[in-house]
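K.L.:
Let me give you the structure first, and then I'll get to my questions.
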Amino acid sequence: MLARGRAGKIRAPRRGLNPTDVDFEATWNMIATSFNQIFGKSASGLSFEEIFRQCYKLVLKKKADLLYERVIKLEQVWLRENVRTKILLLVTPSITVGLADQTAVADSNERRIAGERFARALKDAFNHHALSMSMITDVMMYMDKYMSQDGGKPSIYAAGMSTFRLEILKTPFGEDAALDTLSLLENVVLDMIRMERKGEVIDRSLVRQCCYMLEGLYESSNEDETTKLYLTSFEPKFLEASRQFYKSEGQTLLAEADASTFCTHARRRLSEEEERCKQTISQVTEQKIKSVVEQELIQAHMREVINMEGTGVKNMLDNDKIQDLANVYDLISRVDQRKGALREALQKRVIEQGTEINKAANVISEAQPAPKPLQRPAEGKAPAEKSLSQQTQAAINWVEQVLELRNKYDRIWVQAFNKDVVMEKALEVSFQDFINSNDQSPEHLSLFLDEYLKRGGKDKTDGEVDAILDHGILLLQYLANKDIFERYYKRHMAKRLLMKKSVSREMERLMLSKMKMKIGNQFTQKLEALIRDTELSDNLSAQYKTHVNALGDPDPKRVELDCRVLTSTTWPFETIRKDDDDDSRKRPTIKWPSTVDQVRQRFEQFYLDKHTGRRLEWVPNLGDADLRATFTNNGKTRRYELNVSTYGMIILMLFNDLPPGEYLTCEQIQAETNIPQADLVRNLQSLSLVAKWRVLKKDPPHKEVKPSDKFSFNEGFSSQYLKIKVSVVSGGGNRVENSEERRATQKKTDEERGHVIDAAVVRIMKSRKTLSHSQLMTETLAQLSSRFKPDVNMIKKRIESLIDREFLERGSDPAQPSYVYMA
């Protein structure tokens, strides 16, 4: 404790002093004796007020400079003769050996004990010196004030701390002039930190106090913050020692540990260094030591860790090791903002898994139909139908597997990659690559959506169907050729609407709105036209029913007609008719039953009266009919409601007037109905070969239908159901295209793309008037990329075509190809 005067203050004398009244040497001897007692920890009996007065007198006597020098010399002598000697006695060979060689075989425990004893003594000496200098500064505050104003010298406290640095820390000992107490202390502290890194227990508070001492000492008495011994001497050595430690540890871990262990250990090291800086050394070093760990332990080895065979990122992804992936992401994010190694490993694995899904789907789709076995008629369907069903299911399975893979990586992206934008882009590119490598992906996606948009698809609830469609529509963003998907989706949607298999029109609209949000309204305009056309047809049907009721038809058994009047340019009739002859003008005119034909003609008259100048073309292969059928056998009569195709209805009505036991041949049926041969065969197979609804008998009972085959009404038919739906063999639902159909689809798509390219080029040239060839190609590719992946050669051909048709002309300079728009 500092001795204080009354009221806790040391007061200056009130009388002025004559310089001749003070004996400097005698006064100094008294002051020196007092200071020695302070340094010797025996200042309890001193009067600090008296010491202050004596110092004050000397300053007034103009002896401040001499007093300042004497005090500094006193400190030097005391530190040299009393403190340094005690410190040097604690320097043992185990400490100095460690200074020369960190890998020396000196006993670890012995070295630790000797080092702690040395560091503790040095720390105690510093703390006592600092306390002593605080007491001396108090009694010499007047001199400090005088010297700072007139002499420009550092304060007595700063000078005392500088003296401690020079006399205790910086004075060499032994034969090696470079070996001093500071180096030895730093070596001890670094050795203790190295021991702690290896799992040994050390005295953390001692290390902290030693670092505090170095933070309180400066390279000079000016006490610039950047010249602290901690920053200029200890910290560089600490960082270099840490660099060597982690460099060696990284190589060892890479050779001995698996990827998970390496990443866990690296994160633990970062946490340890952060804690060490906060509790043991200094927080100013935290970012610097973390940078060392990141460079030597993470950046130097992260690519090898990520690609480790059997335990790397591939294994983590396959086994959903979320925490391990989070560790990898955290570590690589510290050293690489682009996450190059992790991004590459992720993309590689996603593409590998996606390619496996593609191969599995292609194996099934390319499989040959099973051989046609001999089977009883009761066994029903032909093998071709089964093969097509397998292919369609394979297409749906492909989408489900891709969605499952996407959900897996979405979960990893959220839980392990912290929704990182770079990783999200990597996933997007990977899925685009393998999805577009499958040429059938647009068709598969359309079939998948078609399956879940059908009424009652797979016993799913509305909420489940909506969730599945939400996921499915995400894949649409990855398709490069969205125009091919549009063609398939339009075809499948048209069938759903015409055959009344859609869940609802609201669900269809919802689906289109989701597509519009993802890829724009230009894509959905043609699809929305289908729904509008259907609604107009519903209104027309309602008006027709009102018209029929107004006629007052007295026949209660009249045929009720419900037809769809559709715009031929809006609907893809050319792809859903399934007629053998592509030229619609050559299709034969169907011979309708008389009762049906009367109703048909009445509707035509009604329609043409409302819309003059239009022509109706009937498409019976897309319709269906409900019939009431009566079967009598052994005096028992059974009645059923049959739902058949329109062709099936025409065929069955031929047997109304046929006497029991009589038959019609296939050739006769074709002559009576004019049904196209392929459709006739499929419908006869459905009516006569499938046990569940075999309302006709066939002779001979083979699955092949020949012109001479005989068909008769099956009076013995029975079923447990009153309402029976008769499906048409190989013609009812949407299915995967065969190779020939796929080539035809691609041909039509290429034709449409030619028109789209023409329109894009003309739009660009109309606005720009003149463009170089490269600029026109670049802008055209940019405009078309959102709809399909343009072929450069096709664009060149379309430009040539536009030149031939005088929409464009070539520029005047052949050396620099360019084009000019011709209005």
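The values are calculated or read from the model by the stated rules, or taken from the named source; none is laboratory data. The structure presented is a predicted model; accordingly, all values stated were derived computationally and were not measured. Here the Cβ positions follow ideal geometry from the backbone for every residue, glycine too, while neighbour counts run over all protein chains shown. Note: accessible area is taken over every heavy atom of the protein model, side chains too, but ligands, DNA and RNA are not part of it. Shrake-Rupley method; radii C 1.70, N 1.55, O 1.52, S 1.80 Å.
K.L.:
Bin by bin, in steps of 5 Å, what percent of the Cα pairs in the range 24-227 do you find, going until the bin that has the longest distance?
P.N.:
1, 7, 15, 17, 16, 13, 11, 8, 6, 4, 2, 1, 0
K.L.:
Follow-up. Can you tell me what the convex hull of the Cα atoms of the range 411-539 projects to on average, as an area in nm²?
P.N.:
Numbers: hull surface 35.1 nm².
Taking a quarter of the hull surface, the average projection is 8.8 nm².
K.L.:
Considering only protein heavy atoms, what is the solvent-accessible area of Thr630 at a probe of 1.4 Å, reported in Å² to the nearest 10?
P.N.:
70
K.L.:
Each label point is 7 Å from the Cα along the Cα-to-Cβ direction; what then is the distance between the points at Leu627 and Lys545, in nm?
P.N.:
Taking the simple label geometry, Leu627 and Lys545 are separated by 2.4 nm.
K.L.:
Continuing with this model, one more query. Using 5 Å bins from zero, what percent of all Cα-Cα pairs in the range 741-821 falls into each bin?
P.N.:
3, 15, 27, 25, 15, 8, 5, 2, 1, 0
K.L.:
For the range 645-661, list residues with backbone N below 19 Å from a point placed 7 Å from the Cα of Lys692 toward its Cβ?
P.N.:
Of the residues in the range 645-661, 645-646, 648-649 have backbone N under 19 Å from the label point off Lys692.
K.L.:
In nm, give the distance between the simple-model label positions of Glu560 and Leu722, each being 7 Å from the Cα along the Cα-to-Cβ direction.
P.N.:
It works out to 1.5 nm between the two label points.
K.L.:
Within the chain, what whole-number % of the accessible surface is contributed by carbon and sulfur, with the 1.4 Å probe and all protein chains included in the calculation?
P.N.:
Numbers: 20650 of 42590 Å².
Result for the chain: 48 percent of the exposed heavy-atom area is carbon or sulfur.
K.L.:
Provide the percentage of antiparallel DSSP beta bridges, counting only those with both residues in the chain; round to the nearest 5.
P.N.:
Details: 26 of 29 bridges.
Here the share of antiparallel DSSP bridges comes out near 90 percent.
K.L.:
May I pose another question? Which pairs break 31 Å Cα to Cα here: Lys545/Lys725; Lys348/Lys460; Lys247/Lys278; Lys359/Lys692; Lys408/Lys500; Lys153/Lys290?
P.N.:
Over 31 Å Cα-Cα: Lys348/Lys460; Lys359/Lys692; Lys408/Lys500; Lys153/Lys290.
K.L.:
How tilted is helix 24-39 with respect to the longest principal axis of the chain? Cα atoms for both, answer in degrees (0 to 90, nearest 10).
P.N.:
Around 50 degrees separate the two axes.
K.L.:
Helix 108-139 sits at what angle to the longest principal axis of the chain, using alpha carbons and giving 0 to 90 degrees rounded to 10?
P.N.:
60
K.L.:
Treating only the Cα positions of the range 185-248 as identical point scatterers, give the base-10 log of I(q)/I(0) from the Debye formula at each q in 0.24 Å⁻¹.
P.N.:
Once normalised to I(0) and log-transformed, intensities are -1.01.
K.L.:
Order the peptides 523-532, 635-644, 436-445 from the highest to the lowest mean number of other Cβ atoms within 10 Å of their residues.
P.N.:
On the way: 523-532: 16.5, 635-644: 14.0, 436-445: 21.0.
Packing proxy ranking, top to bottom: 436-445, 523-532, 635-644.
K.L.:
Ok, one more. What are the lysines whose alpha-carbon lies under 19 Å from the alpha-carbon of Lys526, with same-chain residues fewer than 8 places away excluded?
P.N.:
Lys482, Lys490, Lys495, Lys514, Lys516, Lys518, Lys748
K.L.:
Tilt of helix 441-453 relative to the longest C-alpha principal axis of the chain, in degrees (0 to 90, nearest 10)?
P.N.:
Taking the Cα atoms of the chain, the angle to 441-453 is about 70 degrees.
K.L.:
For Rg and Dmax of the Cα atoms in Å, several values are listed as (i) 38.8, 139; (ii) 48.3, 160; (iii) 32.0, 97; flag the one computed from this structure.
P.N.:
(ii)
K.L.:
Quick one: 3J(HN,Hα) in Hz for the range 250-259, Karplus 6.51/-1.76/1.60 with θ = phi - 60°, rounded, Gly and Pro as x.
P.N.:
x, 5, 5, 4, 4, 7, 10, 9, 8, 5
K.L.:
Another question, if that's okay. Got a sec to turn the phi values of the range 536-549 into Karplus ³J(HN,Hα) couplings, 6.51 cos²θ - 1.76 cosθ + 1.60 with θ = phi - 60°, whole Hz, x for Gly and Pro?
P.N.:
4, 5, 4, 4, 5, 5, 5, 5, 5, 4, 4, 5, 5, 4
K.L.:
Which order do peptides 296-308, 215-227 fall in by mean Cβ count within 10 Å, highest first? Intermediate values should be presented prior to the final figure.
P.N.:
On the way: 296-308: 20.1, 215-227: 14.5.
Averaged packing, sorted descending, gives the order 296-308, 215-227.
K.L.:
What ranking, highest mean first, results for peptides 190-198, 677-685 when packing means the other Cβ atoms within 10 Å averaged over each residue? Each step should come with its number before you reach the end.
P.N.:
Details: 190-198: 18.6, 677-685: 20.8.
So the order, starting with the most tightly packed, is 677-685, 190-198.
K.L.:
Another question about this same structure. Across 5 Å bins from the origin, how do the percents of Cα pairs in the range 620-725 run, short distances first?
P.N.:
Result returned by the calculation: 2, 12, 25, 27, 21, 10, 3, 0.
K.L.:
Given a Förster distance of 60 Å, report the FRET efficiency between Arg120 and Val422 from their Cβ-Cβ distance, rounded to the nearest 0.05. Mind dumping the intermediate values first?
P.N.:
Values: r = 51 Å, r/R0 = 0.84.
Approximately 0.75, to the nearest 0.05.
K.L.:
Quick one: if you stick a label point 7 Å off each Cα along the C-beta vector at His755 and Arg532, how many nm between them?
P.N.:
1.7
K.L.:
Sticking with this one: Say R0 is 35 Å: what FRET efficiency, to the nearest 0.05, do Leu608 and Asn674 get from their beta-carbon distance?
P.N.:
Working: r = 23 Å, r/R0 = 0.66.
Rounded to the nearest 0.05, the efficiency is 0.90.
K.L.:
Assuming R0 = 30 Å, can you tell me the calculated FRET efficiency for the pair Val792 and Ala360, based on Cβ-Cβ distance, to the nearest 0.05? Intermediate values should be presented prior to the final figure.
P.N.:
On the way: r = 33 Å, r/R0 = 1.09.
Efficiency computed from Cβ-Cβ geometry: 0.35.
K.L.:
Enter the accessible area per residue of the chain (Å², integer; probe 1.4 Å; all protein chains in place). Could the numbers behind the result be given before it?
P.N.:
Working: 42590 Å² over 823 residues.
Normalised by residue count, the accessible surface of the chain is 52 Å².
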